[in-house]
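The values are calculated or read from the model by the stated rules, or taken from the named source; none is laboratory data. Bear in mind that the values here come from a model prediction, so they are computed numbers and not experimental data. Using ideal geometry, Cβ is built from the backbone for each residue, glycine included, and neighbour counts are taken over all protein chains shown.
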Amino acid sequence: MSCDFTRTVLHGYLDGELDATRAAEFEHHLEGCRECTAALGSEESLRSSLQRSELYENAPLALRKKIRADLDAATATPVAIRIPAWRWLAVAATILVVASVSWFALQRPVKDSASTTPFTVAELIDAHVRSLQPGHLTDVASTDQHTVKPWFNGKLAFVPPVKDFADEGFPLVGGRLDVLGGQNVAALVYSRRKHIINVFVMPTREPDTPIHPPGLRQGYQWRHWRRQGMEYCAISDVSDSDLYELAQLIYQ
Amino acid sequence: MSGSDQGKGADVLDAQDRARFEQLVLPHLDAAFNLSRWLLKSRADSEDVAQEAMLRAYRFFRGFHGGDARAWLLQIVRNTCYTWLEKNRPVELMTEFDEELHPQPSVSPEALAIAGANRERLSRALETLPPRFREVLVLRELEGCSYKEIASITAIPIGTVMSALARARQRLQRALTHASPQEASREL
């Protein structure tokens, strides 16, 4: 019971952490060492017990909710935390100013340090809601990208990239012409578990951007980005993670 | 989304940080909870500690410059757990990690398979191990971490992860097969 390999190297071998030379060395040793062979069998048995036993414990839903609330608090009022009590009046005034500025901001094109769109949030939501009225969703209803793409030909001064992502869980439903911010745009319609996602596409001269953080209003979420001379805005009532997934698929 | 860590104060996190955090760190909440649950041996306590750790991670998020987000988060979770243990159950931390690795007859695979088939028994055996043994096992066997990740999470030098695991496994085998006769008869 004194084989040095049994005590340590065996574990590196079991865990696939030995380099090729040392692994080969150990395997060679294993052929002649009954002690190591037995020990390896035991370790493998222990490992499969550990992995079969469902010992892994996932975070409870309540914890997820608490954490989201914490993050909200830490994001929304980072300044207020360190403000002394006598300054609350000033804080209230600041909030009022911020609130009115944001109110006015919503009336104009969406503007922040990272993104500027040629349409307002209100126009974006209106266009999305309008498309959900009976008979308004698609001008060309087809799950075939090779039907939808040529359909736009001649109807717009640009050709929007059209791709079906049915395999990834976002089947293409169709396309239509729409107007956003006074501009003719292509609207690509995708579905996600009975939810509708509109992806508005229009040409731009602005440089590429990454996919911007989500926007949220009236229960609708949107993601905006620019890529290769096109401006994209995906909007839906699906969760942001779904929306982001589709945005990434289109972005590639 | 890019170059977000320059020129801004440490604690003031904006919507972009939040979005990045949700993308990179929040998906590892299960890993965070699982590690703290096994370190603290209590679901209720680990809910509190995982929540605290997540908030700490968020506050330090500007200091995360890419790389392995899971390992980064688990490092914070582990530190938060140990701080909690020091305060609430200092006795548990008093076991020496560097105990000698005793040469001993290995337990047969069959005996281990029988002992390990019972989830309760396996869970209890794991809980009897000192935290520093328990954590390497949880990280390796439940979380599937590499030696490199284990080293960065637990602050053990990478060269000693292998022997730490060897010790921990030996302790677990012993704990599993040396269950008290009382317990063994209860299971029959």
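Tabulated results
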read-out	value
Answer from B:A155, B:A184, B:A151 - the residue that is at pLDDT 95 or above and out of contact with any Phe, Trp or Tyr (no Cβ under 9 Å at 6 or more places or on another chain)	B:A151
Enumeration of residues in the range B:143-157 that are loosely packed, with under 14 Cβ neighbours inside 10 Å and facing chain A (nearest Cβ under 10 Å)	B:G144, B:K148
All positions within the range A:204-214 that are in contact with a strand residue (DSSP E or B) (Cβ under 6 Å, 6 or more places away or on another chain), of a type outside the set (V, I, T) and either at pLDDT 90 or above or surrounded by fewer than 21 Cβ atoms within 10 Å (Cβ to Cβ) (or both)	A:E206, A:D208, A:P214
Odd one out for A:L243, checked against (1) surrounded by 22 or more Cβ atoms within 10 Å (Cβ to Cβ); (2) under 23 Å from A:F152 (Cα atoms); (3) aliphatic (A, V, I, L, M)	(2)
Residues located in the range A:1-36, provided they are in a helix (DSSP H, G or I) and within 22 Å of B:R171 (Cβ to Cβ)	A:D4, A:F5, A:T6, A:R7, A:V9, A:L10, A:H11, A:G12, A:Y13, A:L14, A:E35, A:C36
Selection from the range A:141-178 of residues that are over 17 Å from A:M230 (Cβ atoms) and among the β-branched types (V, I, T)	A:T143, A:T147, A:V173
Verdict on B:E52 being at the interface with chain A (Cβ under 8 Å from one of its Cβ atoms) and assigned to a helix (DSSP H, G or I)	no
Any hit, the range A:183-193, residues being modelled with pLDDT of 90 or more, over 15 Å from A:L246 (Cβ atoms) and surrounded by 20 or more Cβ atoms within 10 Å (Cβ to Cβ)	yes
Single residue of A:L10, A:L18, A:L46 found to be facing another protein chain (nearest Cβ under 7 Å), without any contact (Cβ under 8 Å) to a residue 40 or more places away in the chain, surrounded by 13 or more Cβ atoms within 10 Å (Cβ to Cβ) and under 43 Å from the mean Cα position of the chain (by Cα)	A:L46
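Each row is one residue, and each column tells you yes or no for (1) under 30 Å from A:V201 (Cα atoms); (2) more than 14 Å from every other protein chain (Cβ to nearest Cβ); (3) modelled with pLDDT of 85 or more.
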position	(1), (2), (3)
A:Y56	no, no, yes
A:I67	no, no, yes
A:P118	yes, yes, no
A:L124	yes, yes, yes
A:L132	yes, yes, yes
A:G135	yes, yes, no
A:V140	yes, yes, yes
